[in-house]
Amino acid sequence: MIIAICGLPGSGKTYFSKQLARALNLARFSTDELRAELKQLGIYDEGSRLAVYQKIAKRILPSLLREESIIIDGSFNNKAQRQEIAAVAQRVQTPLVFIQCHADEATSLARVNQTRDYTEADSRVYYLLKELWEGLEPPFLSLDTANESLEERLKKTRVYLQTFK
């Protein structure tokens, strides 16, 4: 199973994806960490962003071929990015599950204005990706990271994931 944790910068997706990976003992792949590794921090044009998702798609393949479930942490703000991962899921015949993290704008902006590992996404990037956001098509689980506790989000996620097994 591929569990794609998505949302805008500051939505709490990275924190949640790390906690979920720990709780479920799953490998986690991050578009921000890959972008840092590729020395593409601060580069958010469409071609560069899609290239990161194409590289993530290649990186997850060995785990999936071993029939291991994995987590991907990324914005997945458009259909082309989501399609890169959907193609891999289809190839290995595994479920692709989207979980969208969100928070109110004030909370998200406060978060992006703090220094974080592997990302330089700031309010400028937040507004850029918000403008470019192409909504997810159901089914997906929506988690409010500003108003739901981590325990609530983990519980909801576990229940939701059971529907895909």
_Using a 10 Å cut-off around each Cβ, can you sort D144, D73, D104, D32 from fewest to most neighbouring Cβ atoms?_
D104, D144, D32, D73
*Relative contact order of the chain, pairs being alpha-carbon contacts under 8 Å that are 6 or more residues apart, as %*: 36
*Net dipole in debye of the chain [+1 Lys, Arg Cβ; -1 Asp, Glu Cβ; about Cα centre; nearest 20]*: 540
*Search the structure for amide H atoms under 5 Å from the amide H of S142, placed 1.01 Å from N in the peptide plane, and list their residues when 5 or more places away or on another chain.*
Q100
*Once phi is turned into θ = phi - 60°, what whole-Hz ³J(HN,Hα) does the Karplus curve with 6.51, -1.76 and 1.60 give for every residue of segment 16-24, x standing for Gly and Pro?*
5, 5, 5, 5, 5, 4, 5, 5, 9
*Calculate the spin-label point distance for K155 paired with L38, positioning each point 7 Å from the Cα along the beta-carbon direction, and give it in nanometres.*
3.9
_Theoretical gain in end-to-end length, Q54 to L109 [0.36 nm per residue, Cα-Cα removed]_ = 17.0 nm
_Extreme residue, positive dipole direction of segment 2-162, given options L24, N78, L143 (C-beta unit charges)_ = L24
*asked:* Under 37 °C and 0.692 mPa s, how fast does the chain diffuse according to Stokes-Einstein, given a Kirkwood radius computed over C-alpha pairs? Answer in µm²/s, whole number.
replied: 207
*If the limit is 29 Å between Cα atoms, which of K18/K58; K39/K165; K58/K165; K39/K155; K39/K156 go over it?*
K39/K165; K39/K155; K39/K156
*Please list, or write none, the lysines whose alpha carbon is within less than 18 Å of the alpha carbon of K130, excluding same-chain residues fewer than 8 places away.*
K13, K79
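For segment 67-136, compute Rh as the Kirkwood radius over C-alpha pairs and then the Stokes-Einstein diffusion coefficient at 25 °C and 0.890 mPa s; write the answer in µm²/s, rounded to an integer.
On the way: Rh = 14.0 Å.
Translational D for this selection: 175 µm²/s.
Every number here is computed from the coordinates shown, using simple stated rules; none is lab data. Worth saying up front: this structure is predicted, and the values here are computed from it rather than measured. Don't worry about glycine lacking a Cβ; one is built from the backbone with ideal geometry, like all the others, and counts go over all protein chains shown.
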